[in-house]
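A short write-up of the structure that comes next.
The values are calculated or read from the model by the stated rules, or taken from the named source; none is laboratory data. Values in this document were obtained by computation on a predicted structure and should not be read as measured data. So basically every Cβ, Gly included, is an ideal-geometry build from the backbone, and we count neighbours across all protein chains shown. When the accessible area is computed, the model is the full protein with side chains, heavy atoms only, and any ligands, DNA or RNA have been set aside. Shrake-Rupley method; radii C 1.70, N 1.55, O 1.52, S 1.80 Å.
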Amino acid sequence: MKQFYPNIPKIEYEGAKSKNMLAFKHYNKDEKVMGKTMAEHLKFAFAYWHASNYDGTDMFGTGTIDRTYGENEARSRAKAKADASFELMEKLGFEYFCFHDVDLCEPSPTLSELKENLAYMTNYLKEHMDRTGIKLGWGTANVFGAPRYKHGAATSPYLNSYASAACQVKNALDATIKLDGIGYTFWGGREGYETLLNTDMAFELDNLARFYKMAVEYGRSKGFKGTFYIEPKPKEPTMHQYDFDASTAISFIQKYGLQNDFKLNLEGNHASLAGHTFEHEIRVARINGLLGSLDANHAETTVGWDTDEFPKDVRSVALSMYEVLKNGGLEYGVINFDSKLRRPSSDELDNAIGFISGMDTFALGLKLAAKIIEDGRIDSFIEERYSSYKEGLGAKVVAGTTTLEELEQYALNLEEQPLPSGRQEYLNAIINDLMCEGL
Ligand code: XUL
Ligand code: CO
């Protein structure tokens with residue numbers, strides 16, 4: 001078989017002392033952390049759109065990264081892209097991948113061409129999956145790129161756009177079912193509004209819920225047992241997106257009674273755009289029982305847009321993985337590298353290096369998260385902080401057996417006393433100490 005990445009060998013774990021840029025220093029897939037292997041904890045997935053399609057184009061310039069795969073003819077190029085993707089996944093040790101319908105196919109101007117191309121290419125992908133054992137994390141439909149979605153897809157004021165989105169989602173669901181995906185994502189890049197002056201928000205949200213319900217009904221009728229995810233993002237490309245953040249998406253899921261079929265797919269950079277941290281978003285999902293899957297990337301927080309950089313910040317990943325460990329893992333999803341190269345990182349080594357360092361960052365984050373839990377000081381500080389609710393009147397608050405009058409009586413008899421410190425600086429220092437132990 002033709003090699004697309006001849007300079008990238010099978011990437012092996014060489015340990016922290018290795019200086020080999022094409023080796024894992026920390027991601028050792030069989031190493032156990034808190035009773036499970038790193039591979040079981042991390043379930044890394046390859047994002048087809050960024051790893052195999054993104055060519056470095058930005059608002060001010062054309063591509064810098066060659067994504068032609070040595071083929072001029074459109075179908076041959078799509079197949080070569082699949083060959084190259086599976087070569088890279090195998091070399092990097094990926095067990096899962098994720099796709100949008102359009103990522104897999106040659107350019108397909110009409111919906112019927114897209115349907116046909118997707119059916120053909122998923123057959124082709126299935127051969128690679130059977131050969132390599134690589135599985136599908138989740139599939140999705142790109143209902144944001146084409147001009148037909150300029151006013152929205154499932155929240156468009158126009159039936160033609162709504163029906164077109166339904167057509168794409170149906171076919172992407174068929175593809176996901178055919179490839180035995182564990183989930184299906186809805187990311188609403190055009191589901192929102194530019195100005196309230198032309199928008200019936202209540203109608204659009206009701207229509208979005210009707211759309212999701214039809215997707216669930218169809219998917220289940222075809223035997224899809226996986227999880228549907230909503231992927232929140234506050235803005236970009238649309239000025240205001242309806243699935244703004246985890247809290248907003250959860251209230252939508254609950255309002256429309258979608259909680260039996262839906263969970264959240266949360267992304268690091270989307271969290272920062274919403275003014276949150278990744279760990280905040282994961283915490284919100286987990287305490288509501290709605291943590292589904294993760295899109296791993298990192299924001300450049302000095303700019304206000306989605307840079308989707310490969311994860312590199314161990315501390316922030318550790319705080320995110322702490323939430324995942326507290327959730328008992330990611331039972332319903334994967335850790336998908338929705339991460340892309342920067343425009344100047346344009347040679348064939350960069351893709352591999354991005355993944356290696358991203359996976360190493362997650363391995364370090366996982367180990368640090370486990371250390372934080374095993375160390376126990378942070379958890380016991382939190383436990384102690386709420387101890388006034390353990391007995392007496394506090395316990396009655398928790399049991400729901402007190403009243404405002406009883407609390408008033410208690411408060412009126414209180415002598416003012418200083419409250420304990422929150423010890424934030426100390427708690428932050430614990431994380432640095434654990435992270436840098438032995439340095
Ligand atoms: C866009 C984004 C998407 C979704 C899938 O910001 O994250 O790639 O993950 O549509
Ligand atoms: Co994403």
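Would you check which residues across region 117-145 are crowded, with 22+ Cβ neighbours inside 10 Å and not aliphatic (A, V, I, L, M) and list them?
If the condition is that a residue be crowded, with 22+ Cβ neighbours inside 10 Å and not aliphatic (A, V, I, L, M), then 122, 137, 138, 139, 140 are the ones that fit.
Do you know which residues across region 264-282 are open to solvent by 30 Å² or more (accessible area, probe 1.4 Å) and either outside the structural domain of residue 319 (by TED's automatic domain parsing) or outside any helix (DSSP H, G or I) (or both)?
275, 276, 277
Taking the stated definitions as given, is residue 323 within 16 Å of ligand 1 (Cβ to nearest atom), buried (at least 19 other Cβ atoms within 10 Å of the Cβ) and not in a loop (DSSP other than H, G, I, E, B)?
Against the criterion (within 16 Å of ligand 1 (Cβ to nearest atom), buried (at least 19 other Cβ atoms within 10 Å of the Cβ) and not in a loop (DSSP other than H, G, I, E, B)), residue 323 does not qualify.
This table checks each residue for (1) touching a residue at least 40 places away in the same chain (Cβ under 8 Å); (2) in the same structural domain as residue 181 (by TED's automatic domain parsing); (3) outside any helix (DSSP H, G or I).
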position: 207; (1), (2), (3): yes, yes, no
position: 211; (1), (2), (3): yes, yes, no
position: 217; (1), (2), (3): no, yes, no
position: 234; (1), (2), (3): yes, yes, yes
position: 284; (1), (2), (3): no, yes, no
position: 301; (1), (2), (3): no, yes, yes
position: 305; (1), (2), (3): yes, yes, yes
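Check 176, 185 and return the single one that is part of a helix (DSSP H, G or I), of a type in the set (Ser, Thr, Tyr), under 21 Å from the mean Cα position of the chain (by Cα) and surrounded by 15 or more Cβ atoms within 10 Å (Cβ to Cβ).
Sole residue among the options that is part of a helix (DSSP H, G or I), of a type in the set (Ser, Thr, Tyr), under 21 Å from the mean Cα position of the chain (by Cα) and surrounded by 15 or more Cβ atoms within 10 Å (Cβ to Cβ): 176.
If you take the residues of region 326-344 that are open to solvent by 40 Å² or more (accessible area, probe 1.4 Å) and closer than 28 Å to residue 69 by Cβ, which of them is farthest from ligand 1 (Cβ to nearest atom)? Walk me through it before giving the result.
Within region 326-344, the subset open to solvent by 40 Å² or more (accessible area, probe 1.4 Å) is 326-328, 331-332, 342-344.
Still in the running and closer than 28 Å to residue 69 by Cβ: 342-344.
On the way: 342: 16, 343: 17, 344: 21 Å.
Of everything passing the filter in region 326-344, 344 is farthest from ligand 1 (Cβ to nearest atom).
Test residue 27 against the stated conditions and say whether it is assigned by TED's automatic domain parsing to the domain that holds residue 331 and over 18 Å from residue 344 (Cα atoms).
Numbers: assigned by TED's automatic domain parsing to the domain that holds residue 331: no; over 18 Å from residue 344 (Cα atoms): yes.
Considered against the rule, which asks whether it is assigned by TED's automatic domain parsing to the domain that holds residue 331 and over 18 Å from residue 344 (Cα atoms), residue 27 comes out as no.
Which residues, taken from region 30-62, are touching a helix residue (DSSP H, G or I) at 6+ places or on another chain (Cβ under 8 Å) and surrounded by 17 or more Cβ atoms within 10 Å (Cβ to Cβ)?
Across region 30-62, the qualifying residues are 33, 38, 41, 42, 44, 46, 48, 49, 51, 52, 53.
Looking at residue 270, is it within 16 Å of ligand 1 (Cβ to nearest atom), within 14 Å of the chain's Cα centre (by Cα), modelled with pLDDT under 95 and not polar (S, T, N, Q)? I'd like the intermediate steps shown before the answer.
Numbers: within 16 Å of ligand 1 (Cβ to nearest atom): yes; within 14 Å of the chain's Cα centre (by Cα): yes; modelled with pLDDT under 95: no; not polar (S, T, N, Q): yes.
In short, no.
Mind listing just one residue for me: the one in region 146-168 that is open to solvent by less than 10 Å² (accessible area, probe 1.4 Å) and of a type in the set (A, V, I, L, M, F, W, C) and, of those, nearest to residue 130 (Cα to Cα)?
The selected residue is 165.
Tally up the residues in region 72-99 that are more than 19 Å from residue 118 (Cβ to Cβ), charged (D, E, K, R) and over 20 Å from the mean Cα position of the chain (by Cα), please.
Selection size over region 72-99: 3.
Tell me which of these residue 190 doesn't satisfy, since it passes every other one: (1) within 30 Å of residue 203 (Cβ to Cβ); (2) open to solvent by less than 30 Å² (accessible area, probe 1.4 Å); (3) within 16 Å of ligand 1 (Cβ to nearest atom); (4) not aliphatic (A, V, I, L, M).
Going through (1) within 30 Å of residue 203 (Cβ to Cβ); (2) open to solvent by less than 30 Å² (accessible area, probe 1.4 Å); (3) within 16 Å of ligand 1 (Cβ to nearest atom); (4) not aliphatic (A, V, I, L, M) one by one, residue 190 breaks only (2).
In region 203-245, what residues are acidic (Asp, Glu), over 20 Å from the mean Cα position of the chain (by Cα) and surrounded by 16 or more Cβ atoms within 10 Å (Cβ to Cβ)?
The one that is acidic (Asp, Glu), over 20 Å from the mean Cα position of the chain (by Cα) and surrounded by 16 or more Cβ atoms within 10 Å (Cβ to Cβ): 204.
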